[in-house]
Every structure is written in C-alpha cells, then in structure tokens.
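Okay, so here's the structure we're looking at.
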Amino acid sequence: AKELGRDRVVVFNDAMQLRASARLDIESQLGRALDRDELRVVYQPIVDVANERVMGFEALVRWEHPDRGWLSPAEFIPVAEETGMILLIGEWVLGEALAQLQRWRREVPGAAELSMAVNLSTRQLRDTQFVQVVAETLDRTGIDPGAVHLEVTESMVMGDVDLAVRNLVSLRALGVRLSIDDFGTGYSSLGYLQKLPVHLLKIDRSFIDGLGGDDPHAAAIVGAIVALARDLNLGVIGEGVESAAQLAELHRLGTAQGQGFLWSTPLRPTDVPGWLREHNEQLV
Ligand code: C2E
Ligand code: CA
Ligand code: CA
Ligand code: CA
C-alpha cells in the first residue's frame with residue numbers, strides 16, 4: 001500500500017509538472033504570438049429572430065499556433081488574463097474587428113449597417129487607459145460608435161463595482177453599446193442590473209439549450225429574462241441557437257436577436273462576404 005501510495009504521488013507530480021510546463025509554454029509563446037502574427041479573429045453572425053436578417057457579427061479570437069494548430073480562447077485567454085497580456089491582445093482584437101467591419105461596411109453589399117460585438121476581459125474593464133484605447137480605435141477606424149457592442153459578464157463587474165461602472169459610463173458616453181454576456185449565469189443579484197449602464201442582454205446558451213425540447217423550465221426562464229429586459233428597456237439576444245425549434249421558441253417568447261450554429265459557426269473573415277451573399281439570397 002505504501003508502494004502504491006508513493007507511485008501515486010509520483011504520477012500526480014508528473015501530471016502536475018506537465019500541466020505547469022504546458023502553461024509556461026503557452027505563457028512564453030503567447031508573448032510572441034502577437035509579434036509573430038499568430039492571432040486570428042473569426043466572426044459569428046447575429047440575426048434578427050423575426051426575419052433572420054443579419055444584424056452584425058461577434059468577433060472571437062483564435063490562436064493559430066505553429067505546432068498545435070488552432071487554439072480556442074479557453075486555452076489561452078485565462079493565461080493572458082493572469083499575466084496582463086490580455087490588455088495588448090484585447091486592444092489588438094478590437095482594432096482588428098473594427099477595421100474589418102469598416103472594410104465590410106464599405107465594400108460588401110448589404111453590410112453598410114452591420115454592427116460588431118467585441119468581448120472585453122476583467123483587466124480591460126479595470127484599466128484606466130481602456131476608454132482612451134476605445135476612443136482612439138474608433139477614431140482610427142472611422143467606425144460609427146453606435147455600431148460597436150462591447151460585451152462584459154456580470155462576474156467581470158463584481159469586485160470593484162464602482163470602478164467598473166465608472167468605465168462603463170465613460171464607454172457609453174463615447175456612444176458605444178454595452179452588452180451583458182452569458183446573462184443568467186453570474187453570481188450577481190438583479191440589483192446590479194439597475195446600476196449597470198447597459199443596452200443589451202445576451203441570454204446564456206445553457207438556457208437556450210433547453211428550448212424547443214422537453215424542458216419546461218427553460219422557456220419560463222427565457223420568458224422571464226425577456227420580460228425583465230422589456231421593463232428595463234434593454235435588447236435581448238439568445239446565444240447558442242442550434243435548431244429551428246429553438247428559433248421558433250425564441251420568436252414566440254419575444255427575443256429580438258439570435259446567434260448560433262443554426263446560422264453559422266464563427267467564420268474566417270475571407271468567408272464572410274460569400275456567406276452574407278448566400279444567406280441574403282435565401283431570405284428573398
Ligand atoms: P462567448 O463570448 O460566450 O462566445 C460564444 C461562444 O459560444 C463562442 O466560443 C462560440 O463559438 C460559441 N458558440 C456560438 N454559437 C454556438 C452554438 O450554437 N452552439 C455551441 N455549442 N457553441 C456556440 P469561443 O469562440 O470558443 O469563445 C469562448 C469564449 O472565449 C467566449 O465566450 C468569450 O468569453 C471568450 N473570448 C472569445 N474571444 C475573446 C476575446 O477577443 N477577448 C476576450 N476577453 N474573450 C474572448
Ligand atoms: Ca461574447
Ligand atoms: Ca456568451
Ligand atoms: Ca463567455
């Protein structure tokens with residue numbers, strides 16, 4: 001038993017060692033990823049639930065790692081958040097997404113009114129320079145601020161609520177729109193919602209999952225969020241829509257917009273103009 005115990009310890013240590021060194025690899029390589037032009041942004045359409053017209057896109061970051069292929073944000077955003085690298089990465093994603101949107105708005109038929117949603121991180125929301133970064137990016141790209149949606153989660157606001165709210169108020173003063181991402185999954189009380197100067201709620205995928213199936217609670221929760229949003233004068237987006245049945249339920253419950261694999265997975269920017277053309281052709 002003692003032998004086994006010792007073996008276990010060794011195995012455990014090896015696994016931990018491996019995890020720690022994988023993390024160190026990510027950490028050191030992520031520092032160079034920006035300079036080496038290894039980060040990519042992909043774009044997922046957001047549509048009007050009533051008529052399926054495209055309203056805009058959400059920018060989602062990827063890392064095209066030279067050895068490991070395309071890495072999802074889950075594999076490197078937490079590390080970037082811990083080291084503070086997220087500030088540079090986030091600034092780059094914002095610049096990239098808004099420059100891309102400006103090109104599409106000018107060059108792609110039917111894209112002139114599209115919006116762009118960009119995810120923020122806790123660090124960005126607490127950074128004293130961040131509002132300035134957004135203002136400069138708007139200037140540089142010439143994008144109408146109203147076309148920019150910045151997404152924050154409830155948990156990002158917790159901690160120093162006052163600082164976060166101050167920054168959100170300044171961002172709102174620039175004319176950008178603010179969304180609460182993954183709505184319904186945070187630890188916050190609804191009281192926070194009143195304090196937050198936001199325009200949109202994005203209903204978390206976990207609630208959409210149960211729609212159109214045999215889960216009566218899912219429809220009740222989505223319906224309650226829609227009613228709350230209506231009272232507070234906020235827009236609502238359902239996230240992670242995968243089936244026509246879920247779309248029908250969202251429509252019935254009064255959700256204005258939807259996003260999910262039913263329409264498209266996140267697209268490489270070169271695929272967006274073609275996807276838009278085909279999608280719009282199917283509508284008429
Ligand atoms: P999120 O902001 O909630 O983004 C939605 C995630 O759901 C995306 O995953 C998207 O690919 C996925 N998704 C969309 N529709 C469906 C669907 O119908 N079914 C399913 N199963 N999944 C769907 P992704 O791209 O892996 O991003 C994961 C998270 O990483 C994002 O969650 C966001 O929190 C974070 N993230 C992504 N890009 C950035 C970024 O540029 N900055 C920061 N700070 N975080 C980012
Ligand atoms: Ca998001
Ligand atoms: Ca989300
Ligand atoms: Ca999320």
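The values are calculated or read from the model by the stated rules, or taken from the named source; none is laboratory data. Remember, predicted model here, so these are calculated numbers, not experimental data. Quick reminder, even Gly has a Cβ in these numbers, built from the backbone with ideal geometry, and neighbours come from all protein chains shown. In case anyone asks, the SASA skips ligands and DNA or RNA and just uses the protein heavy atoms, side chains included. Shrake-Rupley method; radii C 1.70, N 1.55, O 1.52, S 1.80 Å.
So here's what we get for this one:
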read-out	value
Unique match (being farther than 22 Å from MET55 by Cβ, at pLDDT below 95, away from ligand 4 (no atom under 16 Å from the Cβ) and of a type in the set (A, V, I, L, M)) among LEU211, LEU228, LEU232, LEU193	LEU193
Residues of the range 130-154 classified as without any contact (Cβ under 8 Å) to a residue 40 or more places away in the chain, open to solvent by 40 Å² or more (accessible area, probe 1.4 Å) and over 23 Å from GLN257 (Cα atoms), total	3
GLY146, sole failed condition from (1) assigned to a helix (DSSP H, G or I); (2) in contact with a His (Cβ under 6 Å, 6 or more places away or on another chain)	(2)
Single residue of the range 216-247 satisfying the filter (more than 22 Å from LEU178 (Cβ to Cβ) and open to solvent by 60 Å² or more (accessible area, probe 1.4 Å)) that is nearest to ligand 2 (Cβ to nearest atom)	GLU242
The range 41-93, subset assigned to a helix (DSSP H, G or I) and under 25 Å from VAL241 (Cα atoms), residue farthest from ligand 3 (Cβ to nearest atom)	GLU75
Within the range 248-284, considering residues that are open to solvent by 50 Å² or more (accessible area, probe 1.4 Å), free of Cβ contacts under 8 Å to residues at least 12 places away in the same chain and part of a helix (DSSP H, G or I), the one farthest from ligand 2 (Cβ to nearest atom)	GLU281
Test for ARG166: is it open to solvent by 40 Å² or more (accessible area, probe 1.4 Å), away from ligand 3 (no atom under 16 Å from the Cβ), at pLDDT 90 or above and within 20 Å of GLY90 (Cβ to Cβ)	yes
Residue within the range 145-157 that is more than 16 Å from ligand 2 (Cβ to nearest atom) and farther than 14 Å from VAL118 by Cα present	no
Only one of GLU136, GLU151 that is in contact with a Ser or Thr (Cβ under 6 Å, 6 or more places away or on another chain), within 16 Å of GLY90 (Cα to Cα) and charged (D, E, K, R)	GLU151
Helices (runs of 4 or more DSSP H) fully within the range 152-210 counting 1 or more residues that are farther than 27 Å from GLU136 by Cα and among the hydrophobic types (A, V, I, L, M, F, W, C)	190-195, 205-209
Candidate set: the range 55-114, residues that are acidic (Asp, Glu) and out of contact with any strand residue (DSSP E or B) (no Cβ under 7 Å at 6 or more places or on another chain); chosen: the one nearest to TRP275 (Cα to Cα)	GLU107
Count - residues of the range 216-244 that are assigned to a helix (DSSP H, G or I) and either touching a helix residue (DSSP H, G or I) at 6+ places or on another chain (Cβ under 8 Å) or more than 13 Å from ligand 1 (Cβ to nearest atom) (or both)	16
